[in-house]
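Trainee: Got a structure for you, questions after.
The values are calculated or read from the model by the stated rules, or taken from the named source; none is laboratory data. Note that the structure is predicted; figures quoted are calculated from it, not measured. Cβ atoms come from the backbone with ideal geometry, glycine included; neighbour counts cover every protein chain shown. What goes into the accessible areas is simple: the full protein's heavy atoms, side chains included, and nothing from ligands, DNA or RNA. Shrake-Rupley method; radii C 1.70, N 1.55, O 1.52, S 1.80 Å.
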Amino acid sequence: MEPIPDLSALSLADIARLAEERKLPPIERWNPTHCGDSEMRIARDGTWYHQGSPIGREAMVRLFSTILRREPDGSYVLVTPVEKLDIAVEDAPFVAVELKASGSGRDSNLTFRLNTGDLVTADAAHPLRFEAGEDGPRPYLHVRGGLDAVVARAVYYELAQRAIDGDDTPPGVWSAGQFFPIEPTAAGSAA
């Protein structure tokens with residue numbers, strides 16, 4: 001697998017090219033029989049575990065993340081053409097750990113690097129939403145197919161600063177021509 005890109009060194013064109021090159025398996029077309037439990041879980045902080053031990057190999061986590069799917073009932077599975085195994089997810093399966101912002105106001109583009117190395121630009125297909133949490137607003141970024149990334153606290157502070165620096169009411173951030181208000185919604189609901 002390729003090394004995780006250094007987001008700060010990438011141009012918008014580089015980001016778009018890398019996102020386009022990332023080919024994922026066609027898991028939405030795979031419908032094998034359910035085979036049981038993978039004995040894996042993804043902790044709230046994005047750490048992947050197998051049988052209670054953290055998976056230390058970054059390449060393995062990145063590989064498993066490509067076959068992760070959210071089922072219509074809200075559960076998560078790892079799926080291949082021949083098997084489907086349950087996986088426990090404590091919050092969101094991904095964590096947005098880094099932000100690259102370009103432009104300002106309505107001309108902004110916000111690209112996030114996930115803990116798996118994926119790059120996702122907030123836009124109409126990948127919206128940001130903010131849910132009310134016990135410790136304040138919890139920001140989430142839609143990644144793909146019902147899978148979200150929780151935005152790491154430090155990255156959230158960057159988003160909040162951009163909102164404070166803007167003049168929008170309600171406060172929020174722009175990316176790819178879309179506005180995302182930083183107003184928490186009830187947990188589990190889409191903004």
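Trainee: List the residues, sorted by chain then number, that are 5 or more residues from Trp30 or on another chain and whose placed amide H is less than 5 Å from its amide H.
Mentor: none
Trainee: While we're looking at this one, here's another question. Taking only protein heavy atoms and a 1.4 Å probe, what accessible area per residue, in Å², does the stretch 122-191 have with all protein chains in place?
Mentor: So the stretch 122-191 comes to 49 Å² accessible per residue, rounded to a whole number.
Trainee: Right, another one. Order 108-114, 85-91 from most to least packed using the mean count of other Cβ atoms within 10 Å.
Mentor: 108-114, 85-91
Trainee: Hey, what do the phi angles of the stretch 57-69 turn into as Karplus ³J(HN,Hα) couplings, whole Hz, using 6.51/-1.76/1.60 and θ = phi - 60°, x for Gly and Pro?
Mentor: Each residue of the stretch 57-69 in turn: 8, 4, 5, 5, 4, 4, 5, 4, 5, 7, 10, 7, 9 Hz.
Trainee: At a 1.4 Å probe, what is the % contribution of carbon and sulfur to the accessible area of the stretch 125-185?
Mentor: Looking at the stretch 125-185 in its full context, I get 53 percent from C and S.
Trainee: Under a Cβ-only charge scheme (Lys and Arg +1, Asp and Glu -1), can you give me the dipole magnitude of the stretch 87-150 about the Cα centre, in debye to the nearest 20?
Mentor: That gives a dipole near 280 debye.
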